[in-house]
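Written below as structure tokens is the structure these notes are about.
The values are calculated or read from the model by the stated rules, or taken from the named source; none is laboratory data. This one's a predicted model, so the numbers in the text were calculated from it and none came from an experiment. Ideal geometry is used to build each Cβ from the backbone, glycine not excepted, and the neighbour counts take in all protein chains shown.
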Amino acid sequence: MKEQVLWSIDADSMPPLEAPHALPDHVDVAVIGGGLTGLSAALSLARGGASVALFERETIGWGASGRNGGQVSVGAKRRPESWVREYGHEMAVALWSASVGSVAHVESLIEREGIDCHYRRAGLLAVAWRPEHFGHQAAHQKYMADTFGYHLELIPPLSLAAEIGSDGYHGALLDEFAGSLDPYRFTRGVAAAAQRAGAALFEGTEVTALTRIGSDHQVVTGRGTVRAAEVLVATNGYTGPVTPWLQRRLVPVGSHIIATEPLGRELAESCLPRRRVVYDTKKTLFYFTLSADDRMVFGGRASWTQVDAQRSGAIMHRHMVRLFPQLAMARIEYTWTGNVCFTRDFDPHIGYRDGYHFCAGYCGHGVALATYLGALVAGRLRGDGADSPFFHLKDPPPIPLYDGRPWFLPLAGGFYRAHDLLK
């Protein structure tokens, strides 16, 4: 197994990003983080005429935005029922509608900017890990239709073979509106669009300090210092001590993915006949799909402690073969890991704190939400008066005894494993 993100293997075939010549002295907005949140915001800001400098510690698309499973899904990690309980019916409906709009936003952006990222309206299939989970799915289907007017298709166990070539599941719920894409190509495509609009993107440039000088911010980087009228922190699962208030509210959780060798169309579609994006109903869930060149891309939590890509790849391979015995002889070519960013309430958050704006906390739903919310926060920075229900969520709650080092994850993992065994 090669320790490399599958999506990045043909990076040389993508148009290169232009390296800016020098740091500007002053910009309207400094963006910290070169993932989809920051890039989408930079694109929207630059198109609106703002001067923008974006700083990425690694390379564009290096983090979760370029190494995820490629799902473009509606909703958030938090269940809509929970939104209703906390925020009321009207607000919950608005949040759900906005999340639907996030998928439409991604599709529109791909078409408008001509981004070649293998996007397709694949449909998202939630497969029931236990028979009783299918009963929960039936109730959820009715709830979503009655409360939100949103249609999901219930697929009974006897019809499941048309969707997935595995005996490990007991029915499913299908959302036809969801899509899939190559996340690295998409992220680099958004970056190229931001550059065309006039944003300056600085790779390999870590922000080491933020201070105030009068009404401006001083953004200190490894290359030098830039003054900015506004700052957007878009570091998500890689948020560090430069913004301690935010760091204490964002939890990086490791996710682990493997990709097989190209399987050929027949074997690939024996696993996923309709080439859906799939996840299961466990707490420690698996998610998987087929790539454009017929590889199985299979991900999940290999461990709740830190493990390297070789170890996590071996663990994920065992899980994959248990669900898809027909892949027992398929070689695993790529294995990689990365951070998903969780919040205590499982909501994404847009906010303003200590003089900077932030947008983070997608909990595994970042392709659509990060792209969409990045554009929304750009509107707030421009002062255009745009509104969204996501602006009205409560601030991300702090986590007791947490300073950015997630010591509690092994305990949470043990609880979730027990839950999956018993329920």
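Before moving on, here are some points about what is shown:
- Selected residue [of a type outside the set (Gly, Ala, Ser) and free of Cβ contacts under 8 Å to residues at least 60 places away in the same chain] from 403, 354, 387: 387
- Restricting region 398-414 to residues that are in a helix (DSSP H, G or I) and among the small types (Gly, Ala, Ser) leaves a set whose member that is farthest from the chain's Cα centre (by Cα) is 414.
- The listed residue being closer than 18 Å to residue 39 by Cα, small (Gly, Ala, Ser) and under 16 Å from the mean Cα position of the chain (by Cα), out of 70, 114: 70
- Of the residues in region 90-101, at least one is free of Cβ contacts under 8 Å to residues at least 40 places away in the same chain and charged (D, E, K, R).
- Only a single item in (1) free of Cβ contacts under 8 Å to residues at least 24 places away in the same chain; (2) over 20 Å from the mean Cα position of the chain (by Cα); (3) within 30 Å of residue 350 (Cβ to Cβ) is not met by residue 104, and it is number (2).
- The residues of region 322-359 that are β-branched (Val, Ile, Thr) and under 29 Å from residue 99 (Cβ atoms), listed by number, are 337, 340, 343, 350.
- Test: residue in region 82-91 that is touching a helix residue (DSSP H, G or I) at 6+ places or on another chain (Cβ under 8 Å), of a type in the set (Ser, Thr, Tyr) and under 18 Å from residue 339 (Cα atoms): no
- Leading residue by the ranking (farthest from residue 169 (Cα to Cα)) among those in region 291-343 that are modelled with pLDDT of 95 or more and of a type in the set (Lys, Arg): 331
- Some residue of region 27-42 being in contact with a Phe, Trp or Tyr (Cβ under 6 Å, 6 or more places away or on another chain) and more than 28 Å from residue 222 (Cα to Cα): no
- Of all residues making up region 45-66, the number that are crowded, with 24+ Cβ neighbours inside 10 Å and part of a helix (DSSP H, G or I): 4
- So residue 99, is it in a helix (DSSP H, G or I), in contact with a Gly (Cβ under 8 Å, 6 or more places away or on another chain) and closer than 20 Å to residue 145 by Cβ: yes
- Some residue of region 380-397 being of a type in the set (A, V, I, L, M) and either assigned to a strand (DSSP E or B) or in contact with a Pro (Cβ under 7 Å, 6 or more places away or on another chain) (or both): no
- Failed criterion for residue 195 (all others in (1) of a type outside the set (D, E, K, R); (2) out of contact with any Leu (no Cβ under 7 Å at 6 or more places or on another chain); (3) modelled with pLDDT of 95 or more hold): (2)
- Where residue 391 falls short, out of the listed (1) hydrophobic (A, V, I, L, M, F, W, C); (2) within 20 Å of residue 43 (Cβ to Cβ); (3) crowded, with 19+ Cβ neighbours inside 10 Å: (3)
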